[in-house]
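Reading through the structure tokens given below for one structure.
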């Protein structure tokens, strides 16, 4: 339709029908319209497409029917994180967080390399959503081996897990080579990872450890200590 308002309503309702009446409407023939209209020149139409897809990807029962759509339109979804409209870019990132959690191995290392630098975005809503992606995919993935955990007390296991996550976060920060943006990184993780960043007893104990052999004692290297203090 020539009227963007009509296109927007149609995409909103189509997404709703596919979620509520998936047996009748959730198929590739209908999904393609959401994919096509993600290229619409009007931001609200693109936004309604992304919001409709969020509803679909949030339901585990519907995920098998989204495989072809995901493979066809993943690149478009990733590119929408650069959308000129702030609402569209934030909701596109939220959709990709959903996809990363529910569809294993859909996002490749190259995809994450493209997405994760948005934690340094000056647009805080986008940075905060990307922080959730970073926290779940990198920081939460870092944990001591299960056989080692069996030999530790619960308190020691928790400490080692915290250190492993912090080291993964420090590695991401150092590899990004955007050292002047450390405040942006902390801010982007504050909502989802505040408990990790504010674990002062573990941080203090690790900083006071002998940094000459951090791998053995669980402490930080001198370079990591500088970042932690900063």
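The values are calculated or read from the model by the stated rules, or taken from the named source; none is laboratory data. Keep in mind that this is a model prediction, so the values were computed, not measured. Cβ atoms come from the backbone with ideal geometry, glycine included; neighbour counts cover every protein chain shown.
Taking the criterion of being more than 12 Å from the chain's Cα centre (by Cα) and modelled with pLDDT of 95 or more, the residues of segment 82-107 that qualify are 82, 83, 84, 85, 86, 87, 88, 89.
Against the definition (surrounded by fewer than 21 Cβ atoms within 10 Å (Cβ to Cβ), within 17 Å of residue 35 (Cα to Cα) and in the same structural domain as residue 15 (by TED's automatic domain parsing)), how does residue 85 come out, yes or no? Spell out how you get there, then give the answer.
Details: surrounded by fewer than 21 Cβ atoms within 10 Å (Cβ to Cβ): yes; within 17 Å of residue 35 (Cα to Cα): no; in the same structural domain as residue 15 (by TED's automatic domain parsing): yes.
Here the answer is no, as residue 85 does not meet what is asked.
Annotation: residue 105 fulfils all but one of (1) touching a helix residue (DSSP H, G or I) at 6+ places or on another chain (Cβ under 6 Å); (2) at positive phi; the unmet one is (1).
Of the numbered criteria (1) surrounded by 13 or more Cβ atoms within 10 Å (Cβ to Cβ); (2) within 19 Å of the chain's Cα centre (by Cα); (3) modelled with pLDDT under 85, the one residue 121 fails is (3). The criterion of at least 3 residues that are touching a residue at least 12 places away in the same chain (Cβ under 8 Å) and under 20 Å from the mean Cα position of the chain (by Cα) is met by the following helices (runs of 4 or more DSSP H) wholly inside segment 1-79: 43-57, 67-79. Checked against the criterion of being part of a helix (DSSP H, G or I), at pLDDT 85 or above and either crowded, with 17+ Cβ neighbours inside 10 Å or not assigned by TED's automatic domain parsing to the domain that holds residue 87 (or both), the candidates 148, 134 yield just one match: 134.
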